Amino acid sequence: MSEPQPEDEPCEQCGLCCRIFGPGIAPTPANVFIWIEQERTDILRWFVAFMEHGSTPVPCTDLSAGDLGNVVVFEMRDPETGGYVTVCPFLRRVAKDKYLCGIHRVKPEMCCTYQPWVWIDSINDAPFHWQMCKSQKIGRRLPFASQK
Ligand code: SF4
């Protein structure tokens with residue numbers, strides 16, 4: 001999910017990915033480094049880190065840049081309950097069928113590279129929610145769809 005796209009980027013901004021993968025959204029250490037540098041506690045508070053030596057998740061708001069080398073994995077968690085989230089908290093609904101990313105300029109790398117309309121055709125038994133991707137359906141009707 002993102003802000004308006006370049007012409008060769010067929011995302012329809014339906015928000016489907018961001019609603020499905022909420023708990024699976026994880027940043028890279030480079031993403032977290034930028035959030036620490038920019039003091040983006042509004043983003044950091046939604047993530048915890050599991051460290052090399054320790055079993056308790058550490059809130060990313062407690063990390064310094066020097067800690068990042070010891071992180072094994074990051075996970076998105078509700079800052080109030082510590083539980084998993086079902087929908088990405090950064091998703092913003094701007095019209096009936098249109099969503100934008102509230103942290104587009106600094107969103108996780110996996111969100112920047114995720115393009116379901118590119119690879120979905122190669123999965124014969126793609127899950128039903130992926131088959132609902134509007135860009136994937138429209139892409140079949142566009143000239144560039146044949147280049148996949
Ligand atoms: S960070 Fe932005 S692009 Fe990534 S899942 Fe959340 S709303 Fe979507």
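Every read-out reported here was derived from the displayed coordinates using simple, explicitly stated rules and does not represent laboratory data. Just so it is clear, the model here is predicted, and its values are computed rather than measured. Reconstructed Cβ throughout: ideal geometry from the backbone, glycine too, with neighbour counts over all protein chains shown.
Quote the FRET efficiency, to the nearest 0.05, computed for Val72 versus Lys98 with a Förster distance R0 of 35 Å and r equal to the Cβ-Cβ distance.
E(calc), rounded to 0.05, equals 0.45.
Tally Lys/Arg at +1 and Asp/Glu at -1 over every other residue whose Cβ is under 14 Å from the Cβ of Trp35; what's the total?
Around Trp35, the surrounding residues sum to -2.
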